[in-house]
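See structure below.
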Amino acid sequence: MKRSITWCEKIAGKNSTFSASAATTFGLIRRKRILRAKAPEILARFPKPPHAFAGAPNQITVTLTRISPGYLDDDGLIAGDFVHVRDGVADWLGLDDRDSRVRFEYRQQGCPLRQFAARIEVDDLSTGDDLVHVEAGVPERLSEVVARAAWGRGGEGKAPRVPGATTQRTLVFRPSHVALPWDPPGVVSDVELGVSPPPFLRYRAPATVLVSAAAGRIRPGELVTLLRHAESHAALGGDVWMYREGALPKTRRT
């Protein structure tokens, strides 16, 4: 059973946390207390995983994901603010973070500039539906999760287990708009097409064609094909997919 919670939180790396200019000693102590208390507070909405399952010690995997425009190296990711979040998760579990029943893993995920969030996932052997909660305000545009580091199951003498290099593929999010030939010049309509919009869209001309430029060449009820183009418009917020009139590319018959 998996329990997942995502909330707005800027997770600082090791260098930012311990930099003399980052905060005073009192400020660092206060932040440690806040982050350690935050984890049990937000996880309280979920049932705790049992310490034993089916007569054997439960196996609990806790995945901590930093969501930020930038990425940290493994050392900066593990030794930064996630140290305090990890302690808070252990408090909620009622187990020491070095307990052999608990395994901590670390991930990173990209998002737009000036946005930050964090995610805690607790997965164990219990049966039941996965519980996922996303608080308001978290970034809606995210890249794929990158496995940066994983810390081996607790216990003295355990060394970090670092996975091999993972290829990152950033998903390009562009809003989609359509310029209908019978609308006034400069007027576009929004269309919800997701991350992978199709190469073309088809629309049927309305019964009354209002624009003189379209009158005569587009008949009412005619099916019009609009092709996808990558364009940049400051008024539309930057890079967008725009669907405009055009001929379909020729396909070779075999």
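The values are calculated or read from the model by the stated rules, or taken from the named source; none is laboratory data. Keep in mind that this is a model prediction, so the values were computed, not measured. Note that each Cβ is placed from the backbone with ideal geometry, even for glycine, and that neighbours are counted across all protein chains shown.
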Pick from region 233-254, criterion farther than 17 Å from Pro185 by Cα and in a strand (DSSP E or B), ranking: modelled with the lowest pLDDT: Gly238
Quick check on region 116-124. Is at least one of its residues small (Gly, Ala, Ser), assigned to a strand (DSSP E or B) and on the phi < 0 side of the Ramachandran plot? yes
Single residue of Gly55, Gly70, Gly80 found to be among the small types (Gly, Ala, Ser) and surrounded by 17 or more Cβ atoms within 10 Å (Cβ to Cβ): Gly80
Do we have Leu171 as under 36 Å from the mean Cα position of the chain (by Cα) and modelled with pLDDT under 70 here? yes
Could you tell me which numbered condition Leu210 fails, if it satisfies all but one of (1) under 30 Å from Asp74 (Cβ atoms); (2) modelled with pLDDT under 80? (1)
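Go through the residues of region 90-101 one by one and say whether even a single one is among the aromatic types (Phe, Trp, Tyr) and within 20 Å of Val145 (Cβ to Cβ).
Narrowing region 90-101 to residues among the aromatic types (Phe, Trp, Tyr): 92.
Then keep just the ones that are within 20 Å of Val145 (Cβ to Cβ); that gives none.
Scanning region 90-101, I find no residue that is among the aromatic types (Phe, Trp, Tyr) and within 20 Å of Val145 (Cβ to Cβ), so the answer is no.
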Taking Leu113, is it surrounded by 18 or more Cβ atoms within 10 Å (Cβ to Cβ) and not polar (S, T, N, Q)? no
